[in-house]
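This report concerns only the one structure given below.
Taken together, the values in this text are just the output of simple stated rules run on the coordinates, not laboratory data. Everything numeric in this text was worked out from a predicted model, so none of it was measured. Cβ placement follows ideal geometry from the backbone for every residue including glycine, while neighbour counts extend to all protein chains displayed.
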Amino acid sequence: MKFFDDFLYQKNKKKHEVCGDFCLYERTAIGTLYVLCDGVGSGIYANISAITCANRILELIRRGMSIRMTSETVAASMHRARKEDIPFSAFSAVLISNDGQFTVYSYESPNPVLIQNNHAKVLTPRFYTAGFEVIGESSGVLNMGDSLLMFSDGVSQAGLGHGQGMGIGSDGVSSYINLNYKPHDSIATLSKRIVEMCKTVSGGNHEDDTTLILLNCREANELTLLTGPPSNRSMNHNYALKFMDMPGKKILCGSTTTDIISEELGLKVETSMSKTYGQLPDYSIEGIDLVTEGAITLNQAYNILDEPVERLSTSTAAERICLMLHAADVIYLMVGNAANSAHEDLIFKQTGVHLRKHVIKHIAATLRNMGKLVIEQYY
């Protein structure tokens, strides 16, 4: 499966505390959306304009509107801002499907740049009208190692008034990459290098808010976490088979769930008592990377999931779960819906232990905030 790393580098206009550019992204099972908005002017007003525009685009798409219609709707509404004192923002929005196909919609924004086979080229949009406004549409496919760059006019207009005509433009960005980026260079630092080049050609200052986002395609690190028996026992066998067929690494949480996987697939469970005081026993099953107790261990993992990864060790099952979740890009949560009456006991509430179905939702939300693609499946 393809995954799209995002490397954002941003610098405020000189002497400004707040950036007038703003970025949002969201990963879902059907694709990855990135939005870069550039509010008119600079400072607080521009920042509010950009934030408002980005959130509007994201919310419309969340409600089921296509990225094309969303872009047209938002661009058409900006026409009022040319005559009235209401927020105005330029924007670029891209939706990348999980197979790498992408479409970029640009409104009052520079043309995007595509890097393929270590060569950069400017994408030439097809322009059309939305109301009284003009939108650019460009598309392509990102294969492994390819990158797509979107940027604000702080990049494209860099050098304006300093011997670069109307600025370096998208062609200048493309030329810089082809002259200076080598195959062995880190793609993660390229966005910073381009933004710093913009400062250099502008006489040592950023004359405008300057933002560049680089989206790089690579192979995803996939992981499946299975916990809880399915709601109907007749589903047990297919539940177990599907888990073992999932790509990437595997985590199995829950003693009853472990028994189901073992029995349905004829796999032997090895048990060893933890050497750490207060910790639950460890399990192991051939073909599964980590096997642990269920609700309590998941609660422990959730409590430390947002800790810096360097603070985590392999001394406890909860920490091992967190380390594996941190290392993954795409996480499938397979959750059985069978009720466990023991988890309704008052002692669980007294000790602050969330029910399995609740702690999984908390874990999923934390992982999404970390930029992971999380796909929840309930049985």
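Classify segment 2-218 as rounded, prolate or oblate, taking a ≥ b ≥ c as the square roots of the eigenvalues of its Cα gyration tensor: rounded when a/c is under 1.5, otherwise prolate if a/b is larger than b/c and oblate if not.
oblate
Starting with the fewest neighbours, write out MET334, MET370 ranked by other beta-carbon atoms found within 10 Å of each beta-carbon.
Fewest-to-most ranking of MET334, MET370: MET370, MET334.
Can you order the peptides 143-153, 2-12, 72-82, 261-271 by their average number of other Cβ atoms within 10 Å per residue, highest first?
Those peptides, ordered most packed to least, come out 143-153, 2-12, 72-82, 261-271.
Compute, for the chain, the length of the dipole vector about the Cα centre, with Cβ point charges of +1 (Lys, Arg) and -1 (Asp, Glu) only. Units Debye, rounded to 20.
With Lys and Arg at +1 and Asp and Glu at -1, about 360 debye.
Specify the inter-centroid distance of segment 175-195 and segment 47-63, based on alpha-carbon positions, in whole Å.
30
Can you order the peptides 55-67, 100-112, 313-325 by their average number of other Cβ atoms within 10 Å per residue, highest first? Kindly include the intermediate steps, with their values, before the conclusion.
Working: 55-67: 15.1, 100-112: 22.0, 313-325: 18.5.
Descending mean neighbour count gives 100-112, 313-325, 55-67.
Nearest 20 debye, what's the magnitude of the dipole of segment 2-218 about its Cα centre given +1 on Lys and Arg Cβ and -1 on Asp and Glu Cβ?
That gives a dipole near 180 debye.
Using the basic label-point model (7 angstrom from Cα toward the beta carbon), what is the GLU133 to ASP5 distance in nanometres?
Each label point lies 7 Å from its Cα, and together they span 3.3 nm.
Rounded, prolate or oblate for segment 222-378? Axes are the square roots of the Cα gyration tensor eigenvalues, ordered a ≥ b ≥ c, and the cut-off for rounded is a/c under 1.5.
The shape class here is rounded.
When the helix-only estimate is applied to the chain (DSSP H runs of n ≥ 4, each -39,500 (n - 2.57), divided by the residue count), what is the mean residue ellipticity at 222 nm, nearest 500 deg cm²/dmol?
-9500 deg cm²/dmol
Based on the Cβ-Cβ distance of THR200 and ARG233, what FRET efficiency does E = 1/(1 + (r/R0)^6) give at R0 = 45 Å, to the nearest 0.05?
The calculated FRET efficiency here is 0.10.
With 28 Å as the limit, write out which pairs from LYS242/LYS372; LYS2/LYS182; LYS249/LYS357; LYS249/LYS361; LYS242/LYS357; LYS199/LYS372 have Cα-Cα distances beyond it, or answer none.
Flagged as over cut-off: LYS199/LYS372.
Reachable aspartates and glutamates from LYS11, Cα under 17 Å, same-chain residues fewer than 8 places away excluded?
Result set, ordered by chain and number: ASP21, ASP38, ASP153, GLU196, GLU207, ASP208, ASP209.
Report the percentage of all Cα-Cα pairs in the chain whose separation exceeds 28 Å, rounded to a whole percent. Walk me through the numbers on the way to the answer.
Details: 38534 of 71631 pairs.
Here the long-distance tail beyond 28 Å is 54 percent of all Cα pairs in the chain.
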